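**Q** Sharing a structure, written as structure tokens. Questions coming.
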Amino acid sequence: MKPFVPKFIKAKQQGLLHEKIQQSTALLSSCTLCPRQCKVDRTKNEKGFCSTGEKAVVASFAPHFGEEPQLVGDKGSGTIFFTHCNLKCVFCQNYDISVNGMGQEADDGQIAAIMLYLQKIGCHNINLVTPSHVVPQILRALDIAAGQGLNIPLVYNCSGYESIDTLYILKDVIDIYMPDFKFWDPVVCEMCCHAQDYPQVVRKAIKLMHDQVGDLKVDKNGIACSGLIVRHLVMPENLAGTHHILKFLKEKISSHTHVNVMSQYRPMGDAGKIKALSRSLTTEEFQKALKMARDLNLKIIQ
Ligand code: SF4
């Protein structure tokens, strides 16, 4: 078996990473980095829906042991939580970070230093949490860190509300995509995230991610090297449309899709203001969703 080499190393050696940095940075001056298409000039620190200007803001970084087992191993997944979000679900479990903006601005060199630190302490990967609105900043940091020896897989851990153009830029850079697939119904998406187009966007995005990285692959120790993991948070009253989503993954993506069916919905953030979102998931609702995934024979991560 050939030793694993993260995609960004080859991209850097071939000069592709520099091209991708230029392409993504160019999107900031009339920002179209994500489907919100705010067209604000982030190079002048103007802020759109994601409330982020020129610099990325980092809420925290640490080895994380609560992620999927294939990412965690014995040393943890090297998470970098980026502040703010381009989706801002009303029930976000990290509301202080995604909406209230808790975090510190970090320049490219500081983000690179964080990546190298997480590798140094043994993390199995760099897990970019909520990265969609700071792709250029991440790529510039990656270029610095790769030049100083970063060589662990890169995980793009996102909401799934991604621009196709930005995903093309990320081709040959990201090793593991880990998008959410949150909702099937546009009306529910509008209510929860002010993004009626989320279902059509996420379907295209996951298809493209899978085209780029394929099904999940692990090394001899069971640690993920490349591929796709989809997260799906089961919602009360079947608001998420779980069966449609799981069926789509099985039939349109791959029958080997790894899916984390998640049970932890709680009415956080502004969820209490919306009746349908104002209670936790019941055990029965979760077990029903899990059975759907089992019946479809998807690769369930728990
Ligand atoms: S990244 Fe932010 S500013 Fe740019 S289009 Fe998306 S939400 Fe708007």
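The values are calculated or read from the model by the stated rules, or taken from the named source; none is laboratory data. Here the structure is a predicted model, which is why all the values come from computation and not from measurement. These area figures cover heavy atoms from the full protein model, side chains too; ligands, DNA and RNA do not enter into them. Shrake-Rupley method; radii C 1.70, N 1.55, O 1.52, S 1.80 Å.
**Q** Heavy atoms only, 1.4 Å probe, whole protein assembly: order T130, T83, T283 by accessible area, highest first.
**A** T283, T130, T83
**Q** Let me ask something else about it. Rounded if a/c is under 1.5, else prolate if a/b is larger than b/c, else oblate: which is segment 1-137, with a ≥ b ≥ c the root eigenvalues of its Cα gyration tensor?
**A** Judged from the Cα gyration tensor, segment 1-137 comes out oblate (a/c at least 1.5, b/c at or above a/b).
**Q** From the helices alone, meaning DSSP H stretches of at least four residues, give me the mean residue ellipticity at 222 nm for the chain, per-run term -39500 (n - 2.57), in deg cm²/dmol to the nearest 500.
**A** So the helix-based figure for the chain works out to -10000 deg cm²/dmol.
**Q** Go ahead and set up a Gaussian network model of the chain, Cα springs under 10 Å, then flag whichever of Y198, Y177, Y168 fluctuates most.
**A** In the Gaussian network model the winner is Y168.
**Q** What is the P(r) of the chain, as percent of Cα-Cα pairs per 20 Å bin from 0?
**A** For the chain, the binned pair fractions read 35, 60, 5 percent.
**Q** For segment 107-190, what class follows from the C-alpha gyration tensor (a ≥ b ≥ c being the square roots of its eigenvalues): rounded when a/c is under 1.5, otherwise prolate if a/b is larger than b/c, else oblate?
**A** Prolate is the answer for segment 107-190, as a/c is 1.5 or above and a/b outweighs b/c.
**Q** Over the alpha-carbon set of segment 5-74, work out the extent along each principal axis and list the three values in angstrom, largest first.
**A** 43, 32, 20
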